[in-house]
Amino acid sequence: MKNLILLTILLIIAFCSCKKNEILPIDLKGTIQGTWYTRDEFGNTVDDRIKVVIQLEGSDPLIKTETDIEGRYVLNNIPTGTYNLIISKDGYGEFQTQGLQIVGGDEPLYSGGFLVQKSSTRVSNLYLELDDNGLLYLKGIIHQNNPWGMVFVRFYFHNSEDISSINYLKTMNLIVSEPNGSEFSFRLYDNYKTGDFASKLHAIAYGESEWSGGYYDIASQQYVITTLGEASNVAKIEFN
């Protein structure tokens, strides 16, 4: 019994005598690996997997690599922390995983999937029109090269001229089946003349790939579509 009490006292003394700076942190490192594939704007798989850029935003120095000819990559020796994983390739829509936490250990994290080419479809001469019955139409000229004749176009709407794919009040995606160089026309519902748009409505159009790519942006709390093509002109109409 006396020996047990003595041992307990010695342990307490040893614990209390330890300095805080003598506690050494555990330096854990993590690994991310995976395979990235590529698709064209119409959803067809293409053999273009080499040199997809993989980087960890928030690492210092920046940790990055490129995929090999098979689309494979490995990021090693990643310090414990929180990062944004960014995957990009020229001509393709970017992908991000934001707020990715690395805690280290032997088990690697996997990140892979498809990057999709940006749309080559574009819209020109976009305009808004009220007919004699007060019906609102969205019209423009479509420029597209899909051999099947159908392409996706995404429209964004705002009550301000400062409109873009990341600054808008409403968005919608439409299938346009008119031939290249032809005019398209879509009727908009009456709610585009009320609420936030009661006095004026602005619209802008982008071609959108069939396999739409993008990511959720934590800061803006919205989904960012990164496969959009060239922006059209901004159309405007004012209501009486």
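Quick check on the stretch 154-161. Is at least one of its residues closer than 25 Å to THR226 by Cβ, in the same structural domain as LEU228 (by TED's automatic domain parsing) and in contact (Cβ under 8 Å) with a residue 60 or more places away in the chain?
yes
So in the stretch 70-89, with the set limited to residues that are surrounded by 20 or more Cβ atoms within 10 Å (Cβ to Cβ) and closer than 15 Å to GLY58 by Cα, which one is farthest from the chain's Cα centre (by Cα)?
Only one residue fits best here, namely ILE78.
Can you name the number of the only condition in (1) under 21 Å from THR194 (Cα atoms); (2) in a strand (DSSP E or B) that LEU115 fails?
All conditions are met except number (1).
Would you check if there is a residue in the stretch 90-102 being surrounded by fewer than 15 Cβ atoms within 10 Å (Cβ to Cβ) and at pLDDT below 95?
Yes, the stretch 90-102 contains a residue that is surrounded by fewer than 15 Cβ atoms within 10 Å (Cβ to Cβ) and at pLDDT below 95.
Could you list, in sequence order, all residues of the stretch 165-208 that are in contact with a Phe, Trp or Tyr (Cβ under 7 Å, 6 or more places away or on another chain) and among the polar types (S, T, N, Q)?
SER165, THR171, ASN173, SER185, SER199
Could you say which residue among LYS236, LYS200, LYS170, LYS193 is among the basic types (Lys, Arg), in contact with a Gly (Cβ under 9 Å, 6 or more places away or on another chain) and either surrounded by 14 or more Cβ atoms within 10 Å (Cβ to Cβ) or touching a residue at least 12 places away in the same chain (Cβ under 8 Å) (or both)?
So the residue among LYS236, LYS200, LYS170, LYS193 that is among the basic types (Lys, Arg), in contact with a Gly (Cβ under 9 Å, 6 or more places away or on another chain) and either surrounded by 14 or more Cβ atoms within 10 Å (Cβ to Cβ) or touching a residue at least 12 places away in the same chain (Cβ under 8 Å) (or both) is LYS193.
Out of everything in the stretch 103-112 that is of a type outside the set (Gly, Ala, Ser) and outside any strand (DSSP E or B), what residue ends up being surrounded by the most Cβ atoms within 10 Å (Cβ to Cβ)?
Per the stated criteria, the residue is PRO108.
Which ones in the stretch 42-64 are surrounded by 14 or more Cβ atoms within 10 Å (Cβ to Cβ), of a type in the set (A, V, I, L, M) and farther than 30 Å from ASN145 by Cα?
Within the stretch 42-64, ILE54, LEU56, ILE63 meet the criteria.
Mind listing whichever residues of the stretch 154-192 are assigned to a loop (DSSP other than H, G, I, E, B) and charged (D, E, K, R)?
Residues satisfying the conditions are GLU161, ASP162, GLU178.
Please give the number of the condition TRP148 fails out of (1) among the aromatic types (Phe, Trp, Tyr); (2) at pLDDT 95 or above; (3) not in a strand (DSSP E or B).
Every condition holds for TRP148 apart from (2).
ARG39 - would you say it is touching a Gly at 6+ places or on another chain (Cβ under 7 Å), modelled with pLDDT of 95 or more and either at positive phi or charged (D, E, K, R) (or both)?
no
The values are calculated or read from the model by the stated rules, or taken from the named source; none is laboratory data. For clarity, every value in this text was computed on a predicted model and none was experimentally measured. Counting neighbours? That spans all protein chains shown, and the Cβs are built from the backbone with ideal geometry, glycine included.
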